[in-house]
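Take this structure first; my questions come after.
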Amino acid sequence: MEFNDGRPYHGSEAVTDGKLTGATDQTDYFYFMCPKCPDKRLLRLLDHTLHASSREHPYKDHVDVVAKIGFTIAFKLLCDHCLFTDFVKISNMGWQGGTLEQALSFPGGKP
Ligand SMILES: [Zn+2]
């Protein structure tokens, strides 16, 4: 089955500009928290897809330690409590360091 039934997917304003947060539990599993609910309610990951990939890392000439490949994975999120649904992407092809403040202040959001 196609991710998001083949429809476009992009995170809404509810998850951009640092509004989607998360944390690990007692182990190394990472969880996102609902940006709508006030009590750090955990979101469920309904689906994922490989949004983009590159056989060579796009910043290979600009970093000391080079990732073997470039990748971007998209996730579909759901809050079981308030039924908030959205998307988030995790990638190694965006910011390669710096601070969250620098990333948030950069026009267009990507380096
Ligand atoms: Zn919620």
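Sort out which residues of segment 11-26 are more than 9 Å from Asp86 (Cβ to Cβ) and part of a loop (DSSP other than H, G, I, E, B), and write them in order of number.
Once the filter is applied, which keeps residues that are more than 9 Å from Asp86 (Cβ to Cβ) and part of a loop (DSSP other than H, G, I, E, B), segment 11-26 yields Glu13, Thr16, Asp17, Gly18, Lys19, Asp25, Gln26.
Residues are listed down the side, and each one gets a yes or a no for (1) touching a strand residue (DSSP E or B) at 6+ places or on another chain (Cβ under 6 Å); (2) touching a residue at least 12 places away in the same chain (Cβ under 8 Å):
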{"residue": "Asp17", "(1), (2)": "no, yes"}
{"residue": "Asp25", "(1), (2)": "no, no"}
{"residue": "Phe32", "(1), (2)": "yes, yes"}
{"residue": "Leu45", "(1), (2)": "yes, yes"}
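Among the strands (runs of 3 or more DSSP E) lying completely within segment 27-111, list those that include at least 3 residues that are under 14 Å from the mean Cα position of the chain (by Cα) and under 24 Å from Gly6 (Cα atoms).
Of the strands (runs of 3 or more DSSP E) lying wholly inside segment 27-111, those with at least 3 residues that are under 14 Å from the mean Cα position of the chain (by Cα) and under 24 Å from Gly6 (Cα atoms) span 44-54, 70-78, 85-91.
Right, Ser91: touching a Gly at 6+ places or on another chain (Cβ under 7 Å) and touching a residue at least 24 places away in the same chain (Cβ under 8 Å) or not?
no
Taken together, the values in this text are just the output of simple stated rules run on the coordinates, not laboratory data. As the structure is a prediction and not an experimental result, all values here were calculated from the model. Reconstructed Cβ throughout: ideal geometry from the backbone, glycine too, with neighbour counts over all protein chains shown.
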